[in-house]
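Structure, as structure tokens:
The values are calculated or read from the model by the stated rules, or taken from the named source; none is laboratory data. Quantities reported herein were computed from a predicted structural model and do not represent experimental measurements. Here the Cβ positions follow ideal geometry from the backbone for every residue, glycine too, while neighbour counts run over all protein chains shown.
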Amino acid sequence: MIALFYVFLSIIILFFVLAIIKSKFKLGNEFCAICYSSILTWLTLLVLYWYGIFNKPVIIAVLLGETVIGVFYTVESKVKEELKLFRLPFLLTIMFAAFLLLKVTESFIKIILLLTILWIFFFFLYNYRNNKNFSGFVRKIIDCCKNW
């Protein structure tokens, strides 16, 4: 648990340093001190993990998960409504990329194949989104996460 304490401490210190930098240089709303403090922490831990110095991949995985969700929601907020159809394949692809950073390559080919099939399927739906047979289904996929 001591490692988690230092991870939290790192994020807290980086947050305040980055918040001060943000205000001094007027970086605007695109710069998130919380996000970047988390990213800098997991990047540091990841390098230490690759060199065998840090041996708590679960902590890195949780921090990577935060970043994956942050990227997902940031991209989602900036894309056209019709492109929100691709939420699932996009999320799974960036999740897989995060796993690869931790060298988790179990079933690598199967996952690549599955993601490829999923992207192809969603591109098919996208291309036929205005077809009366598919438009209702496509709309339900796009609207699935809107009204919690």
Among residues belonging to the range 103-148 that are of a type in the set (Val, Ile, Thr), touching a helix residue (DSSP H, G or I) at 6+ places or on another chain (Cβ under 9 Å) and assigned to a helix (DSSP H, G or I), point out the one that is modelled with the lowest pLDDT. ILE142
Among (1) loosely packed, with under 13 Cβ neighbours inside 10 Å; (2) assigned to a helix (DSSP H, G or I), where does ASN55 come up short? (2)
Has the range 72-79 got at least one residue that is in contact with a helix residue (DSSP H, G or I) (Cβ under 6 Å, 6 or more places away or on another chain) and either in a loop (DSSP other than H, G, I, E, B) or surrounded by 14 or more Cβ atoms within 10 Å (Cβ to Cβ) (or both)? yes
I want to confirm something. Restricting to the range 20-43 and keeping residues that are polar (S, T, N, Q) and surrounded by fewer than 16 Cβ atoms within 10 Å (Cβ to Cβ), which single residue is farthest from the chain's Cα centre (by Cα)? SER23
